[in-house]
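Working notes for the structure below.
Throughout, read-outs are computed from the coordinates displayed, never taken from laboratory work. The model shown is predicted, which means the values in this text are computed figures rather than measured ones. Note that each Cβ is placed from the backbone with ideal geometry, even for glycine, and that neighbours are counted across all protein chains shown.
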Amino acid sequence: MALALQQLINGLTLGAVYGLIAIGYTMVYGIIGMINFAHGDIYMVSAFIAVTGFTLLSAFGVSSVPLAIIVVLVVSVAFTSVYGWAVERTAYRPLRGSTRLAPLISAIGMSIFLQNMVQLTQGARVKPIPPVLVGGFDVLTIDGFTVHLAYSQMLIVLVTVALMLVFTFVINRTSFGRQQRACEQDRTMTALLGINVDRTISFTFMLGAMLAAVAGVLVTVYYGVVDFYIGFVVGIKAFTAAVFGGIGSLPGAMLGGVLIGLIEAFWVAYLAPEYKDVATFSLLILVLMFRPSGLLGRPEVEKV
Amino acid sequence: MGVVVSAQHTPSLAERLKDAASVAFIALLLGIPMLGLTTVDQGGALRVATRWPVLAAFVALCFAGRLIARYAFERWQLGRRSQERTKNRATPSSRRYGVLTNWLGWGCFASALFLPILFSDNRYVVDTATTVLIYVMLGWGLNVVVGLAGLLNLGYAAFYAVGAYAYALLATQFGWGFWQALPVAGALAAGFGLLLGWPTLRLRGDYLAIVTLGFGEIVRVVLVNWTDLSNGPNGIASIPRPTFFGLPFKPGDEATFASFFGIEFSPLHRIHFLYYLILALAMLTNVFVSRLRKLPIGRAWEAIREDEIACKALGINVTQVKLSALAISAMLGGAAGVFFAARQGFISPESFTFNESAIVLAIVVLGGTGSQLGVVLSSLVLVLLPELGRDFADYRMLLFGAAMILIMIWRPGGILAKREPTLRYSALPRDGERP
């Protein structure tokens, strides 16, 4: 029972991170209908920026934890959104209107490029940083097993909830959100109505990169280790979350992320931990087989 | 970069400089966290190191590169626009192009045939050529799915692994020979292809790509963790080498290759034998695939690549056709895996990561999806370039990635793109010649 509660907490934390990344996949898929394969690597780039940021701040003697986290969040979000923009501009925009596979292949190329760029510039070794946010409190003790809630876990869940609220507001209420949804429905018509479609798509990529950046910083705070390969597996899992929740649907992405996080946490606790990636990928295949439109997605009609 | 240039307006120098400056500014922003700053391990703790000169050089390079590239691009576009008016797309030179690639192909084959004779005592050259041929065979196998049927498979290394492990296990546990194991391993890999394809082929292209990627990872994770079967990350060692009709290549008095033919033993015999073996397997693959392309099934692959809905309307069983492509491609990958295991004598899951799939995909895509010769040329480039130097090997994957993006932008079909159908119904009478 206590173990289940503990894994619930761990799973929610993990799921929040997957959800933040999954939103980037789902938004990009919604607007231009392609899988942004390099999205997981954007998250990895942000984690590296966070490592540099925390190291730099501690070198300057900043000892206030909230200040350090806020500064690193802002800096990382800013730089990572430039990466999101640049990825779209160089690898995807020239291929708009090309065949379906061309942008996917260039996305894989971009993913390989980013991974190796980081490996070459930042080193191939695992980067550990001293724990930024330590401590937590014990929720309850059952049969000698103490359920622990770390402050970093609370931070992740709170930041994610806050971001989701802001994000829902941006998409539903602001002018940019309306443009974004309009582009999703019909790009040509939106362009005819005088909306700069290219700019909207660029903003979408930047927004997705920003959310991935937040995820990257939070994960760095939570785990304290980063390497250039983390984007690959997390990227696929976040994509699985996006598909699971229904690709194109924003609440679906978050729901899918949380579910994937929970499934993974409980799988690790009760079944074979070394096969947790197999579980996620098998789930992806099963979802695509039986419910390709996901939990909250609209079924897609293929047009000639 | 897709800059829209109107024919009338040529940008002034100030505009050009402004444009290049904005690119340089973006480069600066991109470069600061990665090139400008880095963390180094110092006594167990990280310390930030700066590399401002590198960053400055990068930004300057981007500035200059943008100025030059944009100018060149505009000139090229102007030239192309005037050319396009005079020339229609289906150029008559495509026939001559076909003849040229045909000759080039035969040239490649001839030089491959005589390579071990020319470099008979250079073990390194023959070894590298063997590696190139493995990639050629993998490329041709993957080409069936990606180039012909238009399905993106990101988990090709899984089939390669299935073949390699099948041979390794059959040989070490049951004492099977190379030639016995080859068809079995190929069939097993094809079975895995069907297993993957049967539930997922209804999916659209990009979903399928992700599923194949997941499948590739599943196979690798299982190989790492199922220690009873695969010996886990330690891999399987001392896999028997292939024999020449039962004659092994090792020193000794009993029936070995050297003693049977009455020649002196040399370790080079095995190297050369392996080389010719993979050459034969690769050429067999080539002939097999080229033949298939002319059969109804091969034509159906290409038709599905072009328009799936039209194929359904014409009564082609799309699922069956796709499955056949996936199974045949998996079988070829499995056969290449058998050879890989036999040649290395040792395999571990390390050899079958996503990077391996990505390299084979890069070979197919860069060479030109659907082009047999393109696969040969890009395998040559991609395998030989890292051999040139260690420095280069570090940048190999980086350049792969960049090349994949650039080639997609420049020529979405690959360098030797040939998207024409293999067979053309030339018996159709031309306009005005109708009886």
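Under 5 Å from the amide H of A:Val226 lie the amide H atoms of A:Lys127, each residue being 5 or more positions distant or on a separate chain, with H modelled from the backbone and absent for Pro and chain starts. Between the amide H of B:Gly368 and those of B:Ile415, B:Leu416, distances stay under 5 Å, these residues lying 5 or more places away or on another chain, with hydrogens modeled in the peptide plane. When the C-alpha to C-alpha distance is required to be over 29 Å, the pairs from A:Lys237/B:Lys322; A:Lys127/A:Lys276; A:Lys276/B:Lys312 that qualify are A:Lys276/B:Lys312. Taking a ≥ b ≥ c as the square roots of the eigenvalues of the Cα gyration tensor, an a/c ratio of 1.5 or more together with a/b no larger than b/c marks segment A:204-304 as oblate. The label point for A:Leu120 and the one for B:Val125, both projected 7 Å from the Cα toward the Cβ, are 3.1 nm apart.
With R₀ fixed at 51 Å, the C-beta to C-beta distance from A:Ala59 to B:Phe114 puts the FRET efficiency at about 0.25. Partner shielding of B:24-34 amounts to 5, given as the average count of beta-carbon atoms from other chains within 10 Å of each residue beta-carbon.
At full extension, A:Leu8 and A:Ile70 could sit 19.6 nm farther apart than now, given 0.36 nm per residue minus the alpha carbon distance. A straight chain from B:Arg204 to B:Leu385 at 0.36 nm per residue would run longer than the Cα-Cα distance by 61.6 nm. Taking every alpha-carbon pair under 8 Å whose residues sit at least 6 apart, segment B:97-410 reaches a relative contact order of 35 percent. Entry note, segment A:26-85: relative contact order of 37 percent, from Cα contacts under 8 Å with a spacing of 6+ residues. The Cβ shell under 10 Å around B:Leu268 holds other residues with a net charge of +1, Lys and Arg each +1, Asp and Glu each -1. Summarised in one figure, the compactness ratio Rg/Rh of segment B:97-410, Cα atoms and Kirkwood Rh, is 0.97. Our helix-only sum for the protein assembly as shown, with -39,500 (n - 2.57) per DSSP H run of n ≥ 4 divided by its residues, gives a mean residue ellipticity at 222 nm of -23500 deg cm²/dmol. For segment A:1-102, rounded, prolate or oblate, judged on the Cα gyration tensor with a ≥ b ≥ c (square roots of eigenvalues), a/c < 1.5 rounded, else prolate if a/b > b/c? Cα axes put segment A:1-102 in the oblate bin. With semi-axes defined as the square roots of five times the eigenvalues of the C-alpha gyration tensor, the equivalent ellipsoid of the protein assembly as shown measures 43, 35, 27 Å, largest first. Between B:Tyr276 and B:Arg16, residue separation times 0.36 nm minus the direct Cα-Cα distance comes to 88.0 nm. Would you mind counting up the charge near B:Gly44? Only other residues with Cβ under 13 Å from its Cβ, with Lys and Arg at +1 and Asp and Glu at -1. Net of charged neighbours comes to +2. Taking a ≥ b ≥ c as the square roots of the eigenvalues of the Cα gyration tensor of segment A:114-155, is the shape rounded (a/c under 1.5), prolate (a/b larger than b/c) or oblate? Since a/c reaches 1.5 and a/b is larger than b/c, the shape of segment A:114-155 is classed as prolate. The string of couplings for segment A:87-102 from the Karplus curve (6.51, -1.76, 1.60, θ = phi - 60°) is 4, 5, 5, 8, 9, 10, 4, x, 9, 5, x, 8, 5, 5, 7, 4 Hz, one whole number per residue in order, with x for Gly and Pro.
Extents of segment A:12-230, taken as max minus min of Cα coordinates on every principal axis and listed largest first, are 62, 40, 36 Å.
Computed from the Cβ-Cβ distance with R0 of 56 Å, the FRET efficiency linking A:Ala272 to B:Tyr395 stands at 0.90. Per residue of A:269-276, other chain Cβ atoms within 10 Å of the residue Cβ number 2 on average.
Each residue of segment A:138-144 was assigned a 3J(HN,Hα) from its phi angle through the Karplus expression (A = 6.51, B = -1.76, C = 1.60, θ = phi - 60°), giving 8, 6, 7, 10, 10, 6, x Hz with x at Gly and Pro. If R0 is 22 Å, the Cβ-Cβ spacing of B:Trp226 and A:Met289 corresponds to a FRET efficiency of close to 0.35. For the options A:Ile263, A:Ile23, A:Ile195, a Gaussian network treatment of chain A with springs between C-alpha atoms closer than 10 Å singles out A:Ile195 as fluctuating the most. Summing charges over neighbours of A:Lys237, with a neighbour being any other residue whose Cβ is under 10 Å away from its Cβ, gives -1 when K and R count +1 and D and E count -1.
Using the Karplus relation 6.51 cos²θ - 1.76 cosθ + 1.60 with θ = phi - 60°, the per-residue 3J(HN,Hα) values for segment A:179-192 come to 4, 5, 5, 5, 4, 4, 6, 7, 5, 5, 4, 4, 5, 5 Hz, with x marking Gly and Pro. Shielding by partners for peptide B:212-221, expressed as the average number of C-beta atoms from other protein chains within 10 Å of each residue's C-beta, is 5. The three principal axes of the C-alpha atoms in segment B:113-168 carry coordinate ranges of 42, 28, 14 Å, sorted with the longest axis first.
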